[in-house]
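All of the numbers you see were taken from the coordinates with simple rules; none came from a lab. Model, not experiment: these values are computed from the prediction. Cβ placement follows ideal geometry from the backbone for every residue including glycine, while neighbour counts extend to all protein chains displayed.
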Amino acid sequence: MKIGVDYYPEQWSEEQWRADAQEMAKAGVKLIRVAEFAWSKLEPSDKQFSFEWLDEVIKTFSQVGIGTVLGIPTNCPPLWMYQQYPDIVRVGPDGNRIQTGIRGHRCINSPVFMGYAKRITEQMVRHFGANPAVVAWQIDNELEAYPCSCEVCKAKFRDWLIDKYDSLENINAAFGTSVWSGEYSDILQIEPPTAYPQAWQNPSLCLDHYRFTCESVAEYAKELALTIRRDAPKAKITTNTWFCENTPDFYKLFEYMDFVSYDNYPTVSIPKDKEEFYSHAFHLDLMRGIKEDKFWIMEQLSGPTGSWAPMSPTPRPEMIKGYSLQAIAHGADNILHFRWKTATKGAEMFWHGLIDHSGVPGRRLFEFSELCKTAAKLSVIDTTEIISEIAILYSPDDAYAMKIQPQVEGMYYLEQLRYFHSAFMHYGANIDVIPPTRDLSHYKLVIAPTMFVYDKAAAENIYRYVINGGTLVMTNRSGVKDSNNNCIPDALPTVFKELIGAEVTEYDPIGSREQTITDFAGNKFTCRRWCDVLNVTTAKAYAQYEDNFYRACPAVTMNRYCSGVAYYVGTVCKSDFYESFAGNLMRQTGIPRLKGLPRGVEVTTRTNGLDDYIFFFNNSEEDATITLPKAMYSIIDSSGKDKLVLKPFEMDIVRK
Ligand code: GAL
C-alpha cells in the first residue's frame with residue numbers, strides 16, 4: 001500500500017527537485033508519477049532524445065526511497081511534429097483541426113503520429129526499462145473515445161464498417177438508411193456522425209462510431225503496451241482513466257493493461273438533496289470490476305479544483321485522507337495525489353495540489369502526511385480481496401446508446417445503477433460492478449438495469465444465471481434495441497419477456513412528474529421518469545401504480561423462472577424504494593445486512609480468508625456513531641473498540 005504524488009519536474013528547477021524530494025520523503029511519499037506530458041523535453045527535436053534530466057529526477061527521488069511511475073508522453077506531442085505533419089492533429093466536430101499547443105490534440109489513428117509514439121516509447125523503455133526505481137508505466141493520459149473526423153479516421157471507420165458488415169447493402173440494411181434518404185451508394189458517403197446535434201444523426205451509425213472509437217483507442221493503448229513489453233517484458237503497464245465527455249469502453253481499454261488506474265476527484269460540496277449521488281464508491285467498485293482486481297488511483301483530489309471551470313471549494317478537513325482511504329476500502333492499492341505542488345504557470349494553475357502557490361506546507365499537506373502514516377499501517381491488508389455477493393451490470397454500449405437518444409427528461413443510464421448501488425451500501429454490503437457477460441454463477445443477487453441494446457452473450461448469460469437458481473433484477477428500457485441500435489419489433493422487454501413473466505402493454509415517459517406506487521406490503525413510494533404498464537403472464541405484482549389510467553397495474557413484478565427468480569422494475573423511484581427493495585432482496589437471498597447504519601456511513605469488507613477487515617467510512621458532514629456487535633481491534637489506532645465515533649469523512653478499519 002503506497003501513497004504518492006503526481007509530479008512535474010519539467011515545471012520546476014533542479015534545485016527544487018532536490019528540495020521536493022526531501023519534503024516528500026518527510027511526508028511519507030513512496031511514489032511519484034512523472035513525464036506524461038513532457039515529450040518536448042524528452043525529444044526536443046526530431047530523433048534527438050534527451051533523457052539525462054529524467055535519469056536525474058528518478059535518481060534524486062529513489063535516493064530518498066521514492067519509486068517512479070513513468071508516463072509515456074504521447075498525450076502532448078511537441079509542436080515541431082505538428083509543424084512537420086499538420087495532418088496528425090485531430091479534427092473536431094466542426095470539421096476543423098483542433099488547436100495545437102494545448103493537449104490531447106493528436107489523432108491516435110494517424111500512422112505518422114503512431115510511428116512517433118512508438119519510437120518515443122521504445123526509446124524510453126530501452127533507456128529506463130532496467131532501472132529498478134521505475135515501478136510502473138502509464139500510457140498516455142486519460143484516453144477518451146475521441147470522435148476525430150480526419151481523413152485517416154474516416155477511412156479507418158469505413159474499413160471497420162465493411163469488415164463488420166461485408167457490403168454497403170448490409171450497412172444500409174443494418175442502419176435503416178431508407179429513412180430520410182440516407183442510403184449509401186458509395187462507401188465514401190459514410191461520414192463519422194460528429195456534427196451536432198447528434199439527435200439528428202442515424203442512431204445505428206452513432207453507436208457503431210462509438211464502438212469504433214473505443215476500439216481505436218484500446219488498440220492504440222495495446223500497441224504502446226506491446227512496444228513496452230518487447231523490451232521490458234516484466235514491466236507493469238497501465239493507463240489512467242475517468243468518466244468524461246467521451247468515456248471509453250473501460251473493458252476494452254484495459255484488456256492489455258496489467259492493472260487499472262483511475263483518476264479520482266470526489267466532490268467537495270456535499271449536496272443537501274439526498275436523491276443526489278455524490279459518493280465515489282460506485283466509480284471505485286466499477287474500476288475494481290473492470291479486471292475484477294485491485295487497481296490504482298493515479299490522481300487523487302488534493303485541493304480546490306479549477307482552471308477548466310471556476311474553482312470549487314477546498315477539500316474539507318479529513319477529505320484528503322478519508323477519500324483516499326475510501327478508495328482503499330474499495331480495492332485501490334496505491335494512491336497518487338494530484339499533484340504535489342500547484343502549478344504557477346500554464347492553463348492548470350488553479351487546479352490545486354497539496355501545496356499552494358506560496359510553496360508553504362499547510363493544512364492539506366499535513367493531512368496528506370497523516371494519510372501516509374496510516375497507509376504504512378495497512379500492510380496487513382495488502383493480501384486481502386473484496387468478495388461480493390451482489391453484482392451490478394454496467395454496459396458501455398447501453399450507456400452510450402442512452403446518451404445518443406436520451407429517453408425522457410431526467411433519465412440517464414447510470415441513475416438506476418447508482419440507486420441500487422447506494423441502497424446496498426446502506427446495508428454495508430460489498431458490491432461488484434461488472435460487465436454483463438462476466439460469469440455470474442457465484443453471485444447471490446445480480447442487478448441488470450436498463451439492458452437497452454441487445455447483446456446475445458449478455459442475454460444468454462443472465463438467462464443462464466436465473467435458470468441455475470440466481471436472483472436477478474431487471475428494469476425498464478430493457479430489450480428495446482437490437483445490436484444495431486434499432487428498435488426490436490416486439491412487446492417489451494422483447495427477448496426478456498419470458499424471463500420476467502410479464503410484458504409492457506404501454507409506457508408513459510412522465511419525466512419529472514411524480515406519481516405513487518404501492519408495494520405488496522402497502523408501502524407507498526414516489527416514482528417518476530418512466531412508467532412501464534405491465535401485464536403479467538407468469539409473474540406476480542410486487543408493486544402497483546396508484547395514479548393515472550394505469551392505476552392498479554403492476555409497476556414491479558417478480559417471476560419464478562426455472563430454479564431462479566427474475567424481478568422487473570418498470571419505473572424509476574427515489575432512494576427509499578430502493579432501500580426497501582434491496583432490504584427484501586437481501587433477506588430473500590440470505591445476504592447479511594447491517595441495520596441502522598447512520599446515513600452516509602459506508603462499510604466495506606476486505607478479507608484474506610482468515611481475517612476480515614471492515615472499513616467504516618463516514619462519508620457525510622455529520623458526526624457518526626456506530627456500535628459494533630462486539631469489541632474489535634482498530635488497525636488505525638491500534639486499540640480495541642466496541643463503538644466507533646467518526647468525524648465527517650473519517651475512516652476507521654477494524655479487524656473482525
Ligand atoms: C486530470 C488530468 C490531469 C490534470 C487533472 C486536473 O483529468 O489527467 O492531467 O489535468 O485532471 O485538471
Just want the answer: with Cβ charges of +1 for Lys and Arg and -1 for Asp and Glu, which residue in Phe549, Ile517, Phe617 is farthest toward the dipole's positive end in the chain?
Phe617
Place a +1 charge on the Cβ of each Lys and Arg in segment 364-490 and a -1 charge on the Cβ of each Asp and Glu, then give the dipole magnitude about the Cα centre in debye, rounded to the nearest 20.
140 debye
Looking at Asn170, Val152, Thr247, which one has the Cα that reaches farthest to the positive end of the dipole of segment 145-253 (charges on Cβ: Lys, Arg +1; Asp, Glu -1)?
Thr247
Where nothing but the Cβ of Lys and Arg (+1) and of Asp and Glu (-1) is charged, how large is the charge dipole of the chain around its Cα centre, in debye to the nearest 20?
1480 debye
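What FRET efficiency would be calculated for the residue pair Glu546, Leu628, taking the C-beta separation as r and a Förster radius of 35 Å, to the nearest 0.05?
On the way: r = 41 Å, r/R0 = 1.17.
In this case the efficiency is close to 0.30.
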Give me the number: length gained by fully extending Arg103 to Arg18, i.e. 0.36 nm times residue separation minus the C-alpha to C-alpha distance, one decimal in nm.
27.8 nm
For Lys641 and Lys26 in the same chain, what is the full-extension length gain: residue separation times 0.36 nm, less their Cα-Cα distance, in nm?
218.3 nm
In segment 148-242, GluC sites (Glu not before Pro) in a DSSP loop with at most 16 other beta-carbon atoms within 10 Å
Glu183
Evaluated over segment 582-656, the Cα radius of gyration and Dmax, each in Å:
12.9, 37
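Find out how many positive minus negative residues lie around Thr471, taking Lys and Arg as positive, Asp and Glu as negative, among other residues whose Cβ is under 13 Å from that of Thr471.
On the way: positive: Lys444, Arg560, Arg587; negative: Glu389.
Taking every other residue near Thr471 into account, the sum is +2.
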Taking 24 Å as the cut-off for C-alpha to C-alpha distance, list the pairs among Lys154/Lys291; Lys222/Lys377; Lys154/Lys456; Lys164/Lys234; Lys26/Lys321 that go past it.
Lys154/Lys291; Lys222/Lys377; Lys154/Lys456; Lys164/Lys234
What's the longest bit of the chain with no exposed chymotrypsin sites (Phe, Trp or Tyr not before Pro), using DSSP loop states and at most 11 other Cβ atoms within 10 Å as the test?
1-307
Which residues does the label zone of Gln11 cover in segment 286-327, counting backbone N under 18 Å from a point 7 Å along Cα→Cβ?
298-312, 314-315
Cβ-based exposure ranking for Cys372, Cys153, in which fewest neighbours within 10 Å come first:
Cys372, Cys153
In debye, nearest 20: dipole of segment 507-656 around its Cα centre with unit charges on the Cβ of K, R (+) and D, E (-)?
440 debye
Inter-label distance, nm, simple model (7 Å from Cα along the C-beta direction), Glu506/Ala309
4.0 nm
Cα-projected label distance for Glu409 with Lys456, points at 7 Å along beta-carbon direction, nm:
4.1 nm
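Report the net charge of residues surrounding Gly590, where surrounding means a beta-carbon distance below 9 angstrom and charges are Lys +1, Arg +1, Asp -1, Glu -1.
On the way: positive: Lys444, Arg587; negative: Glu389.
For residues surrounding Gly590, the net value is +1.
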The Cα radius of gyration of segment 197-257, divided by 2.2 N^0.38 Å with N its residue count, comes to 1.39
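Only bridges with both residues in segment 1-73 count here: give the DSSP antiparallel percent, nearest 5. Write out the running numbers ahead of the final one.
Details: 1 of 8 bridges.
Rounded to the nearest five, the antiparallel share is 10 percent.
Kindly state, to the nearest 0.05, the FRET efficiency for Asn535 paired with Asn584, given R0 = 22 Å and r defined as their beta-carbon distance. Walk me through the numbers on the way to the answer.
Values: r = 23 Å, r/R0 = 1.06.
That pair, Asn535 with Asn584, gives E of 0.40.
Which of the trypsin sites (Lys or Arg not before Pro) found in segment 304-348 are in a DSSP loop and have at most 14 neighbouring Cβ atoms, other than their own, within 10 Å? Write out the running numbers ahead of the final one.
On the way: sites: Lys321, Arg339, Lys341, Lys345; in loops: Arg339, Lys345.
Listed in order of number, the matching sites are Lys345.
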Evaluate E = 1/(1 + (r/R0)^6) for His357 and Asp46, where r is the Cβ-Cβ distance and R0 equals 45 Å; express this FRET efficiency to the nearest 0.05.
0.80
What is the spin-label model distance, in nm, from Gln123 to Glu191 if the labels are put 7 Å beyond Cα along the C-beta direction?
3.9 nm
Projected onto the charge dipole of the chain (unit charges on the beta-carbon of Lys, Arg, Asp and Glu, signs +1, +1, -1, -1), the Cα from Ala327, Cys531, Ala399 with the largest positive-side position is that of Ala327
Overall Cα dimensions of segment 404-487, principal axis frame, Å, largest first
36, 29, 16
Potential extension, Asp55-Glu183 segment - 0.36 nm per residue separation minus Cα distance:
40.3 nm
When the helices in the chain are scored as -39500 (n - 2.57) per DSSP H run of 4 or longer and the sum is shared across all residues, what 222 nm value do you end up with, to the nearest 500 deg cm²/dmol?
-9500 deg cm²/dmol
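Can you list the equivalent-ellipsoid semi-axes of the chain, largest first and in whole Å, using the square root of 5 times each Cα gyration tensor eigenvalue? Walk me through the numbers on the way to the answer.
Numbers: eigenvalues 340, 246, 82 Å².
Taking √(5λ) for each Cα gyration eigenvalue gives 41, 35, 20 Å.
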